[in-house]
Amino acid sequence: MKNIVILISGGGSNMAAIVRAAQRDDWARAYGAQVRAVISNRADAGGLTFAREQGIAAEVVDHKQFAGREAFDEALAAAIDRHQPALVVLAGFMRILTPAFVGRYQGRLLNIHPSLLPAFPGLHTHQRAIAAGCRFAGATVHQVTAELDHGPILEQAVVPILPDDTAATLAARVLAQEHQIYPRAIARLLPTL
């Protein structure tokens, strides 16, 4: 079985979209794949409850318990590796990962970013797009590399920026598209793993 481990930091709406797609489209039968575990760096992440309700292993590796980024990444990798992942999926995981961690899962580590990369890497993407006068925004699924919010693009969705948009209204429309493209990008990748 190709195990998928999903990393979250909060509510886990993208994780839930992936889990629902895996159930709906029977990834176990179609690709020999399953969402095996959800791991958060925050014990209060709401997505952990959803994962447990779905019968998925849910764990916490609290970044605050470690002296530095390298020690946290080592503990996180140990937790991930217990599930023998074919794929590691960042779904609202709000930690910058070390190059060593990224290298360990190279080619098997995905992220979704709420902009049309390479535009607006980093934080506050919606406000930055509005402030720049962009007519379109969107989301990008990409393979993770050591460079933040860069790496081969697997899928994108385009969302128009409306004249009365705020960062919050734009974010809501982009998130709806994220829930569509992330599971689709994963499903396309699974046969190649």
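Any read-out appearing in this document is the output of simple, stated calculations on the displayed coordinates, not a laboratory observation. Given the structure is predicted, the values throughout are model-derived calculations rather than measurements. Every residue, glycine as well, gets a Cβ built from its backbone with ideal geometry; the counts of neighbours run over all protein chains shown.
Projecting the Cα atoms of Asn14, Leu189, Leu148 onto the charge dipole of the chain, computed from C-beta unit charges around the Cα centre, puts Leu189 farthest toward the positive end.
First check a/c for segment 68-126, with a ≥ b ≥ c the square roots of the eigenvalues of its C-alpha gyration tensor; if it is under 1.5, answer rounded, and if not, answer prolate when a/b is larger than b/c or oblate otherwise. Prolate shape, in that a/c is at least 1.5 and a/b is the bigger ratio. Taking amide H as placed 1.01 Å from N in the peptide plane, the amide H of Gly92 sits under 5 Å from that of Ile112, each at least 5 places away or on another chain.
Quickly estimate the mean residue ellipticity at 222 nm for the chain, helices only: each DSSP H run with n ≥ 4 gives -39500 (n - 2.57), and the total goes over all residues, rounded to 500.
-11500 deg cm²/dmol
Restricting to the chain, what percent of DSSP beta bridges are antiparallel, rounded to 5? So the antiparallel bridges amount to about 35 percent of the total. In terms of the Cα gyration tensor, with a ≥ b ≥ c the square roots of its eigenvalues, is segment 85-171 rounded because a/c is under 1.5, prolate because a/b exceeds b/c, or oblate? Taking the square roots of the gyration eigenvalues as a ≥ b ≥ c, segment 85-171 is prolate.
Show me the ranking of peptides 141-151, 36-46 by mean Cβ neighbours inside 10 Å, starting with the highest.
Numbers: 141-151: 17.8, 36-46: 19.7.
Averaged packing, sorted descending, gives the order 36-46, 141-151.
Axis of helix 167-189 versus longest Cα principal axis of the chain: the two differ by about 50°, to the nearest ten degrees. Exposure proxy ranking for Glu70, Glu59, based on other Cβ atoms within 10 angstrom of each Cβ and starting from the fewest, stands as Glu70, Glu59.
Listed highest first by mean packing, meaning other Cβ atoms within 10 Å per residue, what order do 88-94, 177-183, 3-9 come in?
With the highest mean Cβ count within 10 Å placed first, the list reads 3-9, 88-94, 177-183.
The calculated P(r) of segment 125-193, using every Cα pair and 5 Å bins from 0, goes 3, 17, 23, 20, 19, 11, 5, 2, 0 in percent.
Placing +1 on the Cβ of every Lys and Arg and -1 on the Cβ of every Asp and Glu, with nothing else charged, gives segment 30-98 a dipole about its Cα centre of roughly 100 debye.
So if I place +1 on the C-beta of Lys and Arg and -1 on the C-beta of Asp and Glu, and nothing else carries charge, what would the dipole magnitude of the chain be about its Cα centre? I want it in debye, nearest 20.
Charge dipole of the chain: 340 debye, to the nearest 20.
What residues from segment 80-118 fall in the zone where the backbone N is under 13 Å from a label point 7 Å along the Cα-to-C-beta line of Glu147? Only 118 fall inside the zone, counting backbone N under 13 Å.
To the nearest 20 Debye, how big is the dipole of segment 98-179 about its Cα centre, given +1 on the beta carbon of each Lys and Arg and -1 on that of each Asp and Glu?
Values: 5 positive and 6 negative charges, 29 e Å.
The calculated dipole for segment 98-179 is roughly 140 debye.
Amide H contacts of Val38: Ile6, Ala57, Ala58, Glu59, each under 5 Å away and 5 or more positions distant or on a separate chain (H built 1.01 Å from N in the peptide plane; Pro and chain starts excluded).
Would you mind calculating the relative contact order of the chain from Cα pairs under 8 angstrom and at least 6 residues apart, reporting the percent as a whole number?
Over the chain, the number comes to 21 percent.
What the phi angles of segment 39-49 give under the Karplus curve with 6.51, -1.76 and 1.60, with θ = phi - 60°, is a coupling list of 10, 10, 8, 10, 5, 8, 5, x, x, 4, 5 Hz, glycine and proline written as x. Multiplying each eigenvalue of the alpha-carbon gyration tensor of segment 1-126 by 5 and taking the square root yields semi-axes of 22, 18, 15 Å, largest first, rounded to whole angstroms. In this simple spin-label model, placing a label point 7 Å from the Cα along the Cα-to-Cβ direction at both Ala71 and Gln180 gives a separation of 4.5 nm.
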